[in-house]
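Participant: Have a look at this one.
The values are calculated or read from the model by the stated rules, or taken from the named source; none is laboratory data. The structure presented is a predicted model; accordingly, all values stated were derived computationally and were not measured. Because the Cβ atoms are built from the backbone with ideal geometry, glycine has one as well, and the counts that use them run over all protein chains shown.
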Amino acid sequence: MKQIIPSIIATSLWVMPICAPVAAHAQAASRMSLEQVKSALPQLERYTQDVLSKTGVPGASVAIVFEDQVVYLKGFGLREAGKTEPVTADTVFQLASVSKPIASTVVAALVSDGQMLWDSRISDLDPGFKLHAPYPTSQLTARDLFMHRSGLPGEAGTELEDLGYDRAAILHRLRFMPPASSFRSTYSYSDFGITEGAIAAVKPTGQTWEDVSAEKLYTPLGMTHTSSHHADFIKETNRAALHILVDGKWTSKLLRDADAQSPAGGVSSSARDMAQWMRLELGNGKYDGKQLIRPETLAETHLPLIIRGPNPITGKPAFYGLGWNVDYDTNGRVIWNHAGAFSAGARAVVELIPSEHLGIVVLSNAFPTGLPEAVAYTFFDLVHRGKPRKDWLTVWNNLYDTLFEPATKASKAMYGKPLAHPTPALSAAAYVGTYRNDYIGKAHVVEQESGLALQLGPRKKTFSLKHWNRDVFLYHPAAEAPDLTFTVTFMIGSDSKANQVVISDLNTNGQGVLLRVAKR
């Protein structure tokens, strides 16, 4: 639950790179004029102020780049609800999955420097990494991981991160996760797939991912408030707090340390810094007159390599490149984009139209909200049409509602009221004990004054268990979603004691079944 990324239904169609048309489109002369772009800015500013007021989202920051110029840079609202410090262009936000195209840029720099290839095998770069089966392990490449076609299920590793496992432990345990599809057949969005692709890419350098990111990207672009370390974000005095809805009010309640998946979700940055990165992307690897990344190498990241399904807004086929979504608008313009979200309270989006050398990034400090997309889509409408085509805030908020509300409603319908005549549980001794599997590790069921509790992860993260019916108990693993209820079900053996436990939220891919560990 910690990192939630809006996604659309994947299909099994893998689309080969379409090199020439896309490259030509990306190099096309801009049809926009600076005057057109600037004329949209006063309306955009009013719109952004208006949607912050309507939604109550505490703060946001916007950067717009056109023809290698930063034409707009502004912060709105507050860094933290209930306080007075304003958001500025230099306020640092957590980017969540907007980290992925940034990671792609870093790896492109390594490829450009001849330190690796997109088709370098992970078994050569990082011999200790393994998938579930030998063949995909031996053939897996950085390209496979950055375009989400490794076969890893989308959730693989994220539940381990929630439980407190570090990056090394999570990447090691991916070998115990059965694939969701056959190798290279289907798009399946994977945070820890991209994480491994990035970590493997820097292994031959002998440096950490965080240091290589700074050396290859942040320092050359003067991104002085950008980091792949959570500790650096915490050190920033001008940083945005995370906000979730509590009783209808945006509340700063949670923290989110994404170091375990830093390449996929752990970057923090400001609108000012992000503008410099957009200039590099739209400039085909050139920044301030210097070619930092070879154009052909960076262009590979923007190719539509695999289909991820229909775009939920346009209905057109939507693709993924290397760390980038590749979409087409209603006029056929290619758009490079990526969204990011933490369910703990962050939202961000970047949208680039290469044919017009035009890009926007919107950072915000609340979840759930479609505000970043609403601002970006409204901006493009204002530039291209002079007025918004739709109420984009309603469109995107509704989309978020359809993604997340059904699960909450179903949970409330199923477990919101106690059963009229539940079968009593066995004695606590029947359930207390240690259970394990290779993927989750150990789960401890312990007896406390308030009743049974479940302890998970290396730090024994503790959750209260509430009896539901006979050997079924309920628990709430996500602090940001207290209405989401999951089950812990014990299977009773012939000795009238549980011999295994099934934890429902960890069992999407069959990894939530843990067997009792016999006492020695």
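Participant: Of all residues in the range 442-469, which are without any contact (Cβ under 8 Å) to a residue 24 or more places away in the chain, outside any loop (DSSP other than H, G, I, E, B) and not polar (S, T, N, Q)?
Facilitator: 444, 446, 447, 451, 453, 463, 466
Participant: Moving on. Is there a residue being in a loop (DSSP other than H, G, I, E, B) and either crowded, with 23+ Cβ neighbours inside 10 Å or in contact (Cβ under 8 Å) with a residue 12 or more places away in the chain (or both) anywhere in the range 349-357?
Facilitator: Yes: one or more hits.
Participant: Give the residue, chosen from 362, 395, that is β-branched (Val, Ile, Thr) and surrounded by fewer than 20 Cβ atoms within 10 Å (Cβ to Cβ).
Facilitator: On the way: 362 fails: surrounded by fewer than 20 Cβ atoms within 10 Å (Cβ to Cβ).
None of the others qualify; the one that does is 395.
Participant: Please give the helices (runs of 4 or more DSSP H) falling wholly within the range 165-255 in which 1 or more residues are in contact with a strand residue (DSSP E or B) (Cβ under 6 Å, 6 or more places away or on another chain) and crowded, with 22+ Cβ neighbours inside 10 Å.
Facilitator: Ranges flagged: 230-235.
Participant: Among all residue pairs at least 6 apart or on different chains, which show Cβ distances below 8 Å where the first residue, located in the range 38-50, is in the same structural domain as residue 379 (by TED's automatic domain parsing) and part of a helix (DSSP H, G or I) and the second is of a type in the set (S, T, N, Q) and surrounded by 13 or more Cβ atoms within 10 Å (Cβ to Cβ)?
Facilitator: 44/378; 47/378
Participant: For residue 16, work out the one condition from (1) modelled with pLDDT under 95; (2) under 24 Å from the mean Cα position of the chain (by Cα); (3) among the hydrophobic types (A, V, I, L, M, F, W, C); (4) more than 26 Å from residue 280 (Cβ to Cβ) it doesn't fulfil.
Facilitator: (2)
Participant: Within the bounds of the range 102-123, is there any residue that is assigned to a helix (DSSP H, G or I), under 30 Å from residue 56 (Cα atoms) and touching a strand residue (DSSP E or B) at 6+ places or on another chain (Cβ under 6 Å)?
Facilitator: no
Participant: May I pose another question? Can you run down the residue pairs with Cβ atoms below 7 Å, 6 or more apart or on separate chains, where the first is in the range 506-520 and under 30 Å from residue 151 (Cα atoms) and not assigned by TED's automatic domain parsing to the domain that holds residue 190 and the partner is among the acidic types (Asp, Glu) and part of a loop (DSSP other than H, G, I, E, B)?
Facilitator: Filtered contacts from the range 506-520: 508/155; 509/155.
Participant: Of the conditions (1) part of a strand (DSSP E or B); (2) touching a residue at least 24 places away in the same chain (Cβ under 8 Å), residue 423 satisfies every one except a single condition; which number is it?
Facilitator: (1)
Participant: Can you tell me which residue in the range 288-338 is surrounded by the most Cβ atoms within 10 Å (Cβ to Cβ), limited to those that are more than 23 Å from the chain's Cα centre (by Cα) and among the hydrophobic types (A, V, I, L, M, F, W, C)?
Facilitator: 293
Participant: Inside the range 361-382, can you point out the residues that are among the aliphatic types (A, V, I, L, M) and either under 13 Å from residue 62 (Cα atoms) or assigned to a helix (DSSP H, G or I) (or both)?
Facilitator: First pass over the range 361-382, keeping only residues among the aliphatic types (A, V, I, L, M): 361-363, 366, 371, 374-376, 382.
Result: 361, 362, 363, 371, 374, 375, 376, 382.
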